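The values are calculated or read from the model by the stated rules, or taken from the named source; none is laboratory data. Here the structure is a predicted model, which is why all the values come from computation and not from measurement. Cβ sites come from the backbone with ideal geometry, for glycine too, and all protein chains shown count toward neighbours.
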Ligand code: HEM
């Protein structure tokens, strides 16, 4: 009897790469979101934080290399696993378990693509500063740049919608990490799924609070 596609050693290897790279990215968004919340402390706090980051190029580039490698590994293994799952689903009754188990995970590629599109826009917006900022120069004035960026409701709305998809992607992704690690058994499934959902919402609501505060005039 042959193993189902999700249990083959090659698939398990990819799932481990997917899980580890996903954990790095999930850790990054927590750090990034926490740093961004300095917006609520005012311009001095967040501008000093941005200036400190830029004044430490070794640390910044170290983190960037880890992030880029994790992103490439995550997308690459994600595409391969999605193709394997599709092939398995087309494979007939032997893979009924896969068909049942992955209803929620099947939306992962779609939310992943939207998050990737968001990331491209976001880097052009606040890192390269070439879109949706009206050609203004901000230097280390990140506070002023973020306020200018989110003063446009369409841009703020796009961020908010993307963060909701990020929440769903993170919640399902973290549940999958627990599954890959073999922790998601009958006894722990409910609690671990609650942790994953809470983490997704924590990240999303933390990020959303910023464009929302600008739109509502609480940050200006
Ligand atoms: C309200 C939401 C967000 C705000 C206000 C925000 C803000 C910023 C700002 C101001 C920068 C430029 C920092 C600088 O050059 O000093 C930045 C960079 C970046 N952001 Fe965000 N961000 C948000 C959401 C996200 C999310 C959800 C992700 C990931 C999915 C993300 C990933 C990144 C990355 C990868 C960079 C480039 C970091 C680097 O310079 O290497 N951001 N963000």
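Of the residues making up segment 15-55, those that are away from the ligand (no atom under 11 Å from the Cβ) and within 19 Å of residue 68 (Cα to Cα) are 15, 16, 17, 18, 19, 20, 21, 22, 23, 24, 27. Among the residues of segment 94-106, are any at pLDDT 95 or above and more than 9 Å from the ligand (Cβ to nearest atom)? Among the residues of segment 94-106, not one is at pLDDT 95 or above and more than 9 Å from the ligand (Cβ to nearest atom), which makes the answer no. For residue 34, indicate whether it is within 30 Å of residue 88 (Cβ to Cβ), assigned to a helix (DSSP H, G or I) and touching a residue at least 40 places away in the same chain (Cβ under 8 Å). Considered against the rule, which asks whether it is within 30 Å of residue 88 (Cβ to Cβ), assigned to a helix (DSSP H, G or I) and touching a residue at least 40 places away in the same chain (Cβ under 8 Å), residue 34 comes out as no.
In segment 80-92, the count of residues that are over 27 Å from residue 210 (Cα atoms), modelled with pLDDT of 95 or more, more than 13 Å from the ligand (Cβ to nearest atom) and more than 16 Å from the chain's Cα centre (by Cα) is one or more. Against the numbered list (1) at pLDDT below 95; (2) out of contact with any helix residue (DSSP H, G or I) (no Cβ under 6 Å at 6 or more places or on another chain), residue 113 comes up short only at (1).
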